[in-house]
Every structure is written in structure tokens, then in C-alpha cells.
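A.B. asks: This is the structure I want to talk about, given as C-alpha cells.
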2 protein chains.
Amino acid sequence: MSGLAEAAGVGGPSGNVGVSGRGVARRDGGRRRSGRRGGDSGTREAILAAARTRFGDYGYDGATIRGIAADAGVDAALVHHFFGTKERLFAAAMQLPILPSELLAAALAAGVRDPDQSLGEHMLRTVLGVWDVAEMRATFLGLLRSALTSEQAAGMLREFATETILGRIAEVAAPGPPGADGQFRAALVASQVLGLALARYVLKIEPVAQASTDDLAAAIGPTIERYLTGEIS
Amino acid sequence: MSGLAEAAGVGGPSGNVGVSGRGVARRDGGRRRSGRRGGDSGTREAILAAARTRFGDYGYDGATIRGIAADAGVDAALVHHFFGTKERLFAAAMQLPILPSELLAAALAAGVRDPDQSLGEHMLRTVLGVWDVAEMRATFLGLLRSALTSEQAAGMLREFATETILGRIAEVAAPGPPGADGQFRAALVASQVLGLALARYVLKIEPVAQASTDDLAAAIGPTIERYLTGEIS
């Protein structure tokens with residue numbers, strides 16, 4: 001596991017996915033809910049079921065908290081109370097063990113990166129650290145599988161990833177007003193990272209499947225760094 | 001479509017996948033069979049059905065022509081007569097519109113590459129040219145989909161790709177006796193190429209989904225070139 005994932009409280013010796021005080025949220029919205037039990041669970045389940053249907057039918061961008069609340073027969077304020085943001089609700093509905101935006105924020109936080117590593121290598125190591133946790137990897141591959149077998153799921157995931165991950169990477173890659181260049185760079189990063197997951201975990205192409213984090217960081221880190229900051233046209 | 005795919009007779013204005021004299025085989029084994037029709041088709045179908053089952057059950061490496069012939073109730077010589085090599089039989093059973101090894105041979109043939117393009121860029125343009133043909137793209141994505149939803153299919157495809165594509169790329173990347181370095185380079189190339197397919201055609205992440213071949217070649221070609229020939233450790 002990477003130092004970052006560890007710092008963010010992701011996984012641990014027991015293989016469980018935990019939460020630390022570093023800002024990585026639990027899927028139920030975090031500490032805010034920790035004192036409550038029992039009676040709310042039927043309502044929570046109804047909201048999550050409505051969310052899964054709405055996100056599927058309308059995509060991530062098109063689904064609204066208001067619409068999901070209406071489908072679940074509750075007030076929108078209750079959905080906000082239970083889940084906070086749309087991203088958190090989506091993460092809970094899809095059983096994501098971590099919020100991508102918070103993982104990304106932790107990875108980009110000042111002082112986290114080893115000064116000997118480029119940003120590209122650091123980000124790749126972060127992703128590999130997440131995938132080292134079995135539950136994270138399983139969730140990620142499950143989403144990828146659903147995207148490959150359903151146009152609807154692919155659209156939903158594209159919108160979610162664009163909103164919560166790629167937009168932020170685009171900002172990092174090309175600081176300043178949002179522009180096509182940053183988006184292209186973020187999409188290029190996504191293409192290499194997704195392909196690595198496919199080769200390493202699904203097709204299990206050797207020696208990439210068995211390669212160490214260090215070997216992959218040395219080989220692929222410079223690719224991510226170039227996509228983020230180098231000459232690409 | 002890339003000049004290479006065109007030269008190899010892949011696709012055309014009608015969208016059909018044709019065959020030229022450049023050595024890219026039809027899925028029935030090519031010209032050798034072109035004069036025969038009718039009576040053999042039941043036998044051919046029985047062989048293809050047996051091949052699909054055997055490749056699925058034993059993988060690409062484990063399935064033998066002899067075993068497939070036995071399952072189909074015919075002599076192994078007849079399978080060779082109909083389909084030639086194991087690669088051709090696999091391609092026919094999986095309805096691949098093209099033989100990977102022959103496409104690769106055509107791409108690597110002397111004089112085919114524009115001297116202004118690196119080998120990495122040339123290979124990427126070749127792949128993009130193949131994917132520009134709807135039938136090729138559909139077949140490729142169908143195989144990818146099956147790999148993501150079935151461990152068995154993933155293993156079969158890994159073995160097929162290793163044997164017919166990655167081994168040859170490894171030789172090109174690291175000429176000399178087969179070694180881990182060439183295999184690592186080939187697997188890295190595969191990771192970027194597979195990820196590009198996922199981002200461009202499945203998840204449709206913009207602007208990679210709509211990007212021109214030239215833009216992708218400029219951005220990703222140097223990645224492939226570095227994986228093939230550059231510093232990766």
C-alpha cells in the first residue's frame with residue numbers, strides 16, 4: 001500500500017477499509033451519522049435504491065437529489081442530511097469504499113509527495129496503493145465491468161469520473177481557466193491508468209500483472225507526468 | 001483509416017472487411033478455400049463449435065487441433081486442411097475479421113512506415129486505423145467485454161494475445177534472445193493501447209473519444225515509442 005493510502009486510512013493489516021481523520025469519508029457520510037442506528041435504516045435503503053435507479057436512468061449529471069428524494073418518498077433535506085453531497089450519495093449507492101474527490105485531494109495535498117517523485121509518478125503510486133486493497137480493487141473492477149456491459153452504466157461512470165476526478169486532474173495539469181488542453185491531458189491520464197488496470201488485474205498480462213509498484217512507477221510514472229505537464233501535440 | 005490498414009485491405013468505403021494480396025487472411029483461411037462451397041459447411045461448423053468449446057475450456061495454449069478434431073468427430077488433418085494453423089482456427093472460431101499476426105507483420109514490413117514517424121507512432125496509427133473500421137472495432141470490444149466478464153475468456157485471450165501479438169512486439173522492442181525486458185515492454189504497450197480503447201470507445205471520455213488520429217498519435221505515439229525503445233526503469 002502506498003504511504004498516501006495508508007495516511008488516508010484506506011485499508012490496513014486486517015484488509016478492512018477504515019477511515020481516519022484525514023478527510024476520506026465513509027460511505028454513510030462519516031462521523032456525523034455514527035451515533036445513529038436502527039430506525040433510519042429503512043429510509044436510508046429506500047433512498048439508496050431510488051438513487052441507484054435515478055443515476056442509472058438519468059446519468060450522474062441528470063439525476064438530482066430532489067428527484068431521488070421524490071422517488072424515495074422523502075424530503076430532499078433528509079437526503080442531504082443522510083448523505084451530504086451528490087457525490088457522497090452516489091458513492092453510497094454504488095458502495096464505493098472511498099470518495100474519489102477526497103482521495104485526489106489527499107494525494108494533491110501539500111507536503112504529501114516525496115520530492116524525488118514527479119507528480120505523475122506520485123499519482124500513479126497513489127492509484128496502485130488503492131488497488132492494492134482488495135475491496136477497493138474489487139469495487140473498481142466491478143464498475144469497469146458494468147461500463148463495458150452497459151451503455152447506461154458507461155455514461156453514468158463517465159459523468160461521475162469527469163465531475164469528481166478528471167475535472168480536478170485537468171485543473172492540476174493546466175492551471176487557469178478550464179480549457180480543452182487540461183481535459184485532453186486528464187483523459188490521456190485516464191486512458192493509461194484504466195489500461196494498466198485492465199492489463200494487470202483483468203487480462204493479467206505478464207510481467208505487468210506481477211510487477212512491483214516500483215517497477216510500474218518507473219515505467220509508467222513518466223507517461224503520466226508527460227500527459228500532465230509535457231509536450232503532447 | 002490508416003494507410004496501412006488500407007494497404008492491408010482492411011475495410012473500405014462499403015464498410016466490409018475484405019482481403020487483398022498483402023497477406024492479411026480471411027477468417028476461413030484465405031484463398032486456399034475460395035473455390036469450395038456447400039457440402040463442407042456442416043463439417044466446418046462442427047469444427048468451429050468444437051474449437052470454441054475447447055479454447056474456452058483449455059485456453060488458447062492448452063487446446064490442441066487434435067483434441068478439437070476429436071470433439072468434432074473428424075481427422076486432425078481435415079482441421080489443418082480447412083483452417084491451417086491454430087491461430088487461424090481461433091480467428092475463425094472467434095470470428096476475428098483479421099489475423100493479428102498478419103496485421104502486425106504488415107505493420108512491421110520494410111518500407112511501410114513513414115520515415116517521419118517513430119515506430120511507436122506508426123504502431124499506434126495502425127491500431128487506430130483498424131479500430132476505425134466498425135466491424136473490427138466491434139469484434140475487438142466484444143472480446144474485451146468477454147474478458148471482463150469471464151475469467152475463462154480473459155485467460156484464453158491473454159494466451160492468444162501473448163502468442164500472436166505480444167511475443168512479436170517483445171522481439172521488436174528488445175531484439176535478441178527472448179527476455180523479461182521485451183515482455184515487460186510489450187505488456188506496457190498493451191496497457192496503453194487497451195486503455196485508449198476503453199477511454200475512447202467504451203467510456204467515451206472527451207476529448208479523447210472525438211480526438212483525431214493525428215492528435216492521438218502526437219500525444220500517445222511517444223508513449224508507445226518509449227515503452228518499445230526508451231528508458232523504462
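No lab work stands behind these numbers, since they all come straight from the coordinates. Remember, predicted model here, so these are calculated numbers, not experimental data. All Cβ positions, glycine included, derive from the backbone under ideal geometry; neighbour counts span all protein chains shown.
A.B. asks: Every other copy gets compared here: list the nm distances from the B:Leu141 label point (7 Å along Cα to Cβ) to its counterparts, shortest first, one decimal.
C.D. replies: 2.3
A.B. asks: How many nanometers, to one decimal and shortest first, lie between the label point of B:Arg66 and those of its other copies, if labels sit 7 Å from Cα toward Cβ?
C.D. replies: 7.2
A.B. asks: Using a label point 7 angstrom from Cα along Cα-to-C-beta, what distances in nm, from shortest up, separate A:Gly176 from the other copies?
C.D. replies: The answer, with the shortest distance listed first, is 4.5 nm.
A.B. asks: Here's another thing I want to ask about it. With respect to the symmetry axis carrying chain A onto chain B, which residue of chain A exhibits the smallest Cβ distance to that axis, and what is the value in whole Å?
C.D. replies: That would be A:Gly195, 1.
A.B. asks: Compute the distance in nm between two label points, each set 7 Å from the Cα along the Cα-to-Cβ direction, one at B:Ser41 and one at A:Asp215.
C.D. replies: Rounded to a tenth, the inter-label distance reads 5.0 nm.
A.B. asks: Report the label-to-label distance for A:Lys204 and B:Gln117 in nanometres (one decimal), using points 7 Å from each Cα along the Cα→Cβ vector.
C.D. replies: Result: 3.5 nm between the two label points.
A.B. asks: Also, I was wondering about something else. Are there GluC sites (Glu not before Pro) in the range B:127-233 that DSSP puts in a loop and that have at most 14 other Cβ atoms within 10 Å, and which ones?
C.D. replies: Hits after loop and neighbour filter: B:Glu231.
A.B. asks: Gap in Å between the Cα centre of the range B:172-209 and the Cα centre of the range A:197-218?
C.D. replies: 12 Å
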